[in-house]
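The values are calculated or read from the model by the stated rules, or taken from the named source; none is laboratory data. Nothing here was measured: the structure is a model prediction, and the numbers come from that model. Virtual Cβ from ideal backbone geometry, glycine too; neighbours counted across all protein chains shown. Accessible surface areas use protein heavy atoms only, side chains included; no ligands, DNA or RNA. Shrake-Rupley method; radii C 1.70, N 1.55, O 1.52, S 1.80 Å.
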Amino acid sequence: TLGIWPLGLTIVVTPWGGRFCMAGGKILINSAHASALNLNDAELAMLLSHEMQHALQEHNLKEYTEALRLFPAWRAKAFSILEDAVDNDATLVRALAKLNFQQEIEADAEGMKLAWRAGWPASQLATYFKKLKRASNMPNFESASHPASARRGQAARALAVDLDAINSKKIDTAPAKN
């Protein structure tokens, strides 16, 4: 568990290369994604910490809350129907796209900080986004719900410089050992 979330990780093997965090902290990673990108341990840590941040930041809850605020008629339906609709109903997906876009940016940055605090060098974590960019057919184009992989990589590299600088300062100011 992490905080209040009983995080769960499921690894599946299918041709579809998805990865995502579901409500309640259930993380699904398709091994095809990790294999296709040839992820090393640091990059896998980045992927997992990104998905963990979706749970820790309660992105699903915020998404459902916003859907109900925008479309109160969904309140009369079973939650399972809303749960499916936020991913599959075109009107709802379009209405939530800006929120989802911001949540991806947040999960990228906070995920990197989480993995960095766990001991991974930030510059190694940022290479995950470099591999995403290489694997993308359109690395400079945003989707409605996700920043362009090139933009994500640029933001990750900038954050990595800041985080690695903090580590350098810690090392430079550490008391000498006798």
Selection over the range 18-42 where residues are in contact with a His (Cβ under 9 Å, 6 or more places away or on another chain), open to solvent by less than 20 Å² (accessible area, probe 1.4 Å) and of a type outside the set (A, V, I, L, M) yields a count of 3
Mind checking which pairs have a first residue in the range 56-68 that is touching a residue at least 40 places away in the same chain (Cβ under 8 Å) and more than 10 Å from residue 96 (Cα to Cα) and a second that is part of a helix (DSSP H, G or I) and open to solvent by less than 50 Å² (accessible area, probe 1.4 Å), Cβ under 6 Å, 6 or more apart or different chains? 59/103
How many residues are buried (at least 18 other Cβ atoms within 10 Å of the Cβ), out of contact with any His (no Cβ under 8 Å at 6 or more places or on another chain) and not hydroxyl-bearing (Ser, Thr, Tyr) if we restrict to the range 54-66? 5
With criteria (1) of a type in the set (D, E, K, R); (2) part of a helix (DSSP H, G or I); (3) modelled with pLDDT under 95, residue 177 comes up short on (2)
Report, by residue number, each residue of the range 114-134 that is open to solvent by 50 Å² or more (accessible area, probe 1.4 Å) and more than 29 Å from residue 95 (Cβ to Cβ). 117, 118, 119, 120, 123, 124, 130, 134
